[in-house]
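Enquirer: Got a structure for you, written out below as structure tokens; questions coming shortly.
The values are calculated or read from the model by the stated rules, or taken from the named source; none is laboratory data. Computed from a prediction, not measured in an experiment: that's the story for all the values here. Every residue, glycine among them, receives a Cβ derived from its backbone with ideal geometry; neighbour counts consider all protein chains shown. Calculation scope for accessible area: heavy atoms of the full protein, side chains included, ligands and nucleic acids excluded. Shrake-Rupley method; radii C 1.70, N 1.55, O 1.52, S 1.80 Å.
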Amino acid sequence: MKLSLSMDDKYRLFVPYDELPPETVQALLLYEDRGFYYHFGVNPLSVIKAARQMMKGGRRRGASTVTMQVARMVYHIDSANILGKIKQMLRAVQIEMFYSKEQILEAYFNLAPYGGNIEGIGAAARIYFNRPVSQLNLPQILALTIIPQNPEKRSLLSVKGRQNNQHATKRLKEIWHKKYIHKENEYLDLPLAVGVHLPNEAPHLIRRILTHHNGRIISTLDLDMQHQTEEILHNYVREQRQKGIYNAAALILDAETMETLAYIGSNNFNDATIEGQVDGITALRSPGSALKPFIYSLALEQGIIHPKTMLKDVPKNYGLYTPENFDRSFYGLVNATQALIHSRNIPAVDLLLRVGEENMYRLLEKCGVQKLKSPEFYGLAMALGGTEVSLENLTAMYAMLYNNGRFANIRLTTDAELKNKQLISPEAAFLTLSMLTENKAIDDVTTGFTAYKQKYPVAWKTGTSYGFKDAWSIGVVGRFVVAVWVGNFDGTPNNAFVGREAAAPLFFRLVRRLARQNNIPTHLKKHIPLNLATVTVCQDTGDIAVDGCENVTETQFIPGVTNIKVSNVSRLIPIDVATGLRACRHLPPTTVMRRYNFWPSDVLQAYANAGIGIRRPPEFKENCAVTSTETTGKIPQIVTPANNSHFLVRSKKLKQEKIALKAITDADVKLIYWFINNILIKEVKVNDVLEITPPLGVSEIKAVDDMGRMSAVTITVAPID
């Protein structure tokens, strides 16, 4: 049991009368009120003695019974004057009329002051002796008995107070020995081991719970795990101080019960230099790429992708928004799993556009993300951490992946109700978790069980916020969700705040400790039957494998949902046997049919920029008639301008106004011919951008490649003054 401050900053712990050791009552009545069981709330003899002594000018002595002291504490009576003393007596008589002697004693022991802001013997026993009242020995009981008479002077909180207490207790021991001479009093002179055991367990969690609860509370914390997590986090931050890392937060959850097992809101609750009392579990911060798995979950659920779908990672702009990858490079084509675990931004933005910003926004809303602005405010930046979430939000969302797409809030107390709601299909949740297990572990230290690391999957992800203000690492191992944040609460940036470098090492220290102490399954469990099937796909395209595909792999998909097709990138074309060049038509035996991949021009350019050589289809042996080529392959895709775009241009500077023309073409194209209203403007090389001065009004823009394939868009240009 752990003690914490009440809402009025008092330490209190209720103790029923039946749990009080008999010695506590005997010592109190011996010291304060020997006639307690015989008077009616006021002891006339004591009052008369006190009055006589005062009239003779002797030492002022109290005549308050235990009941009178209860009356003073309950009714907040100032008994220092005659009127107050009379009121106190009347209230004491009233209390005796309605309550039993045991109830009065119970009230006294739970209301009496024991020094500082400690009220009640239950709290005093915990703080001074770190034990419940039932385990107090006789010297400890006697030391507590004399405190309420003068709590400021006899408190055990200070050295001087302990000295005064020892002096006053000596007299009580003498009285006790005379009264209970036949008792075994050999323990009376045991040394008094006093400390100040003020509570410091999980201060962020305790403070949070107390704002919503009162009375006896049972938290879900696993205290051993809490201590171990604190130790690991403190040691890690201390080791990383040379990098400017001073603060971190961590949360560990049992996903099956949604119980919070460890809750560390900051590196040091009492360190004002890091704003340690801020709760990093509930603070809203930019998650960076840590939200990307849920974009992929929605894409899987809608059938847009499967884990091996090939996605474009090429330079692209979305109107005024031009996202870049963290390393400012582009992979060309990458399968969905690799795009997710390597945090490629362009594929994530593309997928968000396809699943719909509104759908992602609604998912965040249903997961309890607070203070969201409108979907239009975030736009496609939602894919890259544009929305602020808390560590608690993220932990619950990753637990949702473990729980077959059913979301529930985390539980802080054992009486908290567990409410589930289905937000993602079980199949999409499982596939997302499976994809995240492909993320290779990053451990900053060599451990003694390296081989064992490979025996259990860790489905994890990192995040780095814009401007290097927050580093995240979060994931699922077995039934546990582990979440880590590293940063500064005041938002001070630091180039070291990179998820994979600053947060992941701490994350894996916690994961490895969990794995040592718990039986982690060696594979992801399917908790319920799932509508999943396996298919062989061409590794290069992500589409169903066809004859001639050199590299094949297997992937899972959702039957009836996933849009999975036969590859249209891989094509059979006629090749002249003598020259090895492409023939216009298949004329065996002088030609043979061979398979080549026809990658779009933007993918080929990205591969070239990355220094990756791609096997391209050979050039034509001779000039073929346009009628032979225009019906094969892919038509140009005009990237900009978008169809039905509207442009406003300055009429006075019309010649200076420009719009860009760009198209993506098939792999066998070298030139693009641009037409405006059927008038040739210019021919350009593939991947070149052509800037033109647009004519006013409605115009048709055509892109025709050198194979005769054509596409068109319509734009409207209007002047402004």
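Enquirer: With labels modelled as points extended 7 Å from the Cα through the Cβ direction, what inter-label distance (nm, one decimal) is found for ARG616 paired with LEU83?
Expert: Here the modelled spin labels are 10.4 nm apart.
Enquirer: Quick check: at a probe of 1.4 Å, how many percent of the accessible area of the chain sits on carbon and sulfur atoms?
Expert: Values: 18090 of 35450 Å².
Carbon and sulfur atoms account for 51 percent of the accessible area of the chain.
Enquirer: Too long at a 23 Å Cα-Cα cut-off: which of LYS682/LYS702; LYS312/LYS634; LYS85/LYS173; LYS371/LYS421? Working shown, then result.
Expert: Working: LYS682/LYS702 11 Å; LYS312/LYS634 16 Å; LYS85/LYS173 30 Å; LYS371/LYS421 21 Å.
Check vs 23 Å cut-off fails for LYS85/LYS173.
Enquirer: Something else: For the chain, what does the helix formula give at 222 nm: sum of -39500 (n - 2.57) over DSSP H segments with n ≥ 4, over the residue count, nearest 500 deg cm²/dmol? Before the final figure, lay out the partial values.
Expert: Values: 22 runs with 223 residues, N = 721.
Estimated from H runs of four or more residues: -9000 deg cm²/dmol.
Enquirer: Can you compute the charge dipole magnitude of the chain about its Cα centre, using +1 on each Lys and Arg Cβ and -1 on each Asp and Glu Cβ, nothing else charged? Give it in debye, rounded to the nearest 20. Write down the numbers at each step before the final one.
Expert: Details: 83 positive and 69 negative charges, 461 e Å.
Its charge dipole is roughly 2220 debye.
Enquirer: Cα axis of helix 391-402 to longest principal axis of the chain: angle in degrees, 0 to 90, nearest 10?
Expert: Orientation of helix 391-402: about 60 degrees from the principal axis.
Enquirer: Right, another one. Kindly work out what percent of the DSSP beta bridges joining two residues of the chain are antiparallel, to the nearest 5.
Expert: Numbers: 78 of 89 bridges.
If I count the DSSP bridges inside the chain, around 90 percent turn out antiparallel.
Enquirer: Here are some pairs, LYS419/LYS525; LYS621/LYS655; LYS373/LYS461; which of them have Cα atoms lying more than 32 Å apart in this structure?
Expert: Correct reply: LYS621/LYS655.
Enquirer: Pull out the extension gain between THR257 and LYS243, defined as 0.36 nm times the separation in residues minus the alpha carbon to alpha carbon distance; nm, one decimal. Show your work: numbers first, answer last.
Expert: Details: separation 14, 0.36 × 14 = 5.04 nm, distance 3.72 nm.
Extending this stretch completely gives an extra 1.3 nm.
Enquirer: Please list, in order, the residues from segment 670-687 whose amide nitrogen is less than 13 Å from a point placed 7 Å along the Cα→Cβ vector of ALA712.
Expert: 675-680
Enquirer: Here is a further query. In debye, nearest 20, what is the charge dipole magnitude of segment 635-675 about its Cα centre with +1 on Lys and Arg Cβ and -1 on Asp and Glu Cβ, if you could check?
Expert: It works out to roughly 460 debye.
Enquirer: What Kirkwood hydrodynamic radius, in Å, does segment 449-599 give when the mean of 1/r is taken over all pairs of distinct Cα atoms and then inverted? Working shown, then result.
Expert: On the way: mean 1/r = 0.0494 Å⁻¹.
So the Kirkwood estimate lands at 20.3 Å.
Enquirer: Report Rg(Cα)/(2.2 N^0.38 Å) for segment 84-156, keeping two decimals. If you can, show how the numbers build up before the last one.
Expert: Details: Rg = 13.9 Å, N = 73, 2.2 N^0.38 = 11.2 Å.
That ratio works out to 1.24.
Enquirer: Restricting to Cα atoms and excluding each atom paired with itself, what does the Kirkwood estimate give for the chain in Å?
Expert: On the way: mean 1/r = 0.0314 Å⁻¹.
This gives a value of 31.9 Å.
Enquirer: Okay, moving on. In Å and whole numbers, how far do the C-alpha atoms of segment 620-721 stretch along each principal axis, longest first?
Expert: 54, 20, 20
Enquirer: Between GLU231 and VAL93, what length in nm is gained on full extension when 0.36 nm per residue of separation is reduced by their alpha carbon distance? Don't skip to the answer; put the middle values down first.
Expert: On the way: separation 138, 0.36 × 138 = 49.68 nm, distance 5.53 nm.
Result: 44.2 nm gained on full extension.
Enquirer: On to the next question. What do you get for the angle between helix 504-517 and the principal long axis of the chain? Use alpha-carbon atoms, 0 to 90 degrees, nearest ten.
Expert: 60 degrees
Enquirer: Go through 333-341, 471-479 and give me the packing order, highest mean Cβ count within 10 Å leading. Numbers along the way, then the final one.
Expert: On the way: 333-341: 23.6, 471-479: 25.9.
For the peptides 333-341, 471-479, the packing ranking is 471-479, 333-341.
Enquirer: Another question about this same structure. At 1.4 Å probe radius, can you tell me the per residue accessible area of the chain in Å²? Walk me through the numbers on the way to the answer.
Expert: Values: 35450 Å² over 721 residues.
With all protein chains present, the chain gives 49 Å² per residue.
Enquirer: Relative to a virtual label point 7 Å from the Cα of LEU372 in the Cα→beta-carbon direction, which members of segment 414-432 show backbone nitrogen distances below 14 Å?
Expert: Within reach of a label on LEU372, which here means backbone N under 14 Å from a point 7 Å along Cα→Cβ, segment 414-432 contributes 423-424.
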